[in-house]
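Read through the structure below, which is laid out as structure tokens, and then see the notes.
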Amino acid sequence: MFPTICSRLSRVVLSCGGQRTLSLLSSSGSSNWSKVVSDAEKIVGYPTSFMSLRCLLSDELSNVAMHVRKLVGTRHPLLNTARGFVYDSKNNLQMRGLVVLLLSKAAGPNQAASDLLAQDMVSGIYPSQRNLAEITELIHTAFLVHRGIVDLKELTVSDGSLKDMQFGNKMAVLGGDFLLANACTGLAQLDNTKVVELISSAIGDLVQGVYYENSSITEDNGLINGVNVAQWEEQTFLSHGALLAKSCQAAMELARHNVESQRVAYKYGKHLSLGHKLNSDLQPFMKSDVGEPTSFSFSAAPVVFHRQIVGQETWHQQLQQAKTLRNQVDYSKLLAAVKSEKGVSSAMDLCCYHSNKALEAIQAFPSSEARSALENIASAITKF
């Protein structure tokens, strides 16, 4: 099953051309968010930024990294993805693993499962739950790498030579598949059928989400074909939320917590990821500094809300008015158009809704330092 899913993910990204703008569960870059994450990492025992270190330092991936150096001087997105593994002050690539560990600690040991020894726990977390957090990050990282595949038909001279960009694509496929294979091996070693089913279905959701995202975009300057807010939310959950939600549920299953605990954990992961994606989509619309880049995705939540409010015909007119003499899009004009209506405020309201739902879910767990950290994370996504 797993090799099939790996190859399917690569084919979907390649056939759909991939997208250069990565809008994954990345932080807003605010000092408040950084502090929340830093404080939370101390609770689980070690910085989750090192969670994928064992795999990233393996001989096989080191060989891939040596080849990636050939891409220096090009604009292949694999370079930025690789840099982010080392350090990125504005993005926390290990966010999913951190949430899984915090939920594991917040739920605590299962007193009814006598064969799960409490003395095996480290910082209140079972070894299998730590392994799951690492597996979740490996899958997410593989997804990031695969999403860095470039549509060669859209290359410009400034991007780099066609040969170099083709080589970068091959490295993205190879590196992503390697990470997925390692994740699947670790998943099998957990020796829990339900957890295997949950995480493998999350990988399938990622594939489906990538397909939906790309198939909804036409070649006409990225126009979205009739995707409304409900469809946007469904597609976003598949590509950005399912992995976290199902990993949170799987963490409860590994500790043999009851169905209700699993449901609550799933709910927290789902609403947190959707709220965080909304926060990320809103960032370009919240910047007020002159000279700040105004480029944004046409599939961003404020744009989807705006298009639904003004209607498809008006949106097409605004898009035509924003085109330059070279048939390129003047994003500053579109930004002003979106901000003039209720698209931004509607997206902010939806972000607050998901934050509140995540906070509501986590109240089912007993009061603790870990639960407080999860509450802080859920609250931080509403800071714009």
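The values are calculated or read from the model by the stated rules, or taken from the named source; none is laboratory data. All of these numbers come straight from a predicted model, not from anything done at the bench. Backbone-built Cβ (ideal geometry, glycine too); neighbour counts: all protein chains shown. We work out accessible area using only protein heavy atoms, side chains counted, and drop any ligands, DNA or RNA first. Shrake-Rupley method; radii C 1.70, N 1.55, O 1.52, S 1.80 Å.
Only residues that are out of contact with any Leu (no Cβ under 8 Å at 6 or more places or on another chain), among the aliphatic types (A, V, I, L, M) and at pLDDT 70 or above were counted across segment 304-333, and they come to 3. Given the conditions (1) assigned to a loop (DSSP other than H, G, I, E, B); (2) modelled with pLDDT under 75; (3) farther than 28 Å from ASP177 by Cα, and given that LEU93 satisfies all but one, which numbered condition is not satisfied? Here LEU93 clears every test but (3).
For segment 231-259, the set of residues classified as open to solvent by 20 Å² or more (accessible area, probe 1.4 Å) and assigned to a loop (DSSP other than H, G, I, E, B) consists of ARG256, HIS257, ASN258, listed by residue number. The residues of segment 190-211 that are hydroxyl-bearing (Ser, Thr, Tyr) and without any contact (Cβ under 8 Å) to a residue 60 or more places away in the chain, listed by number, are THR193, SER201.
Enumerate the helices (runs of 4 or more DSSP H) found wholly within segment 294-367, keeping only those where 2 or more residues are touching a strand residue (DSSP E or B) at 6+ places or on another chain (Cβ under 8 Å) and surrounded by 15 or more Cβ atoms within 10 Å (Cβ to Cβ). Walk me through it before giving the result.
Numbers: elements: 301-310, 312-321, 331-340, 343-362.
Correct list: 301-310.
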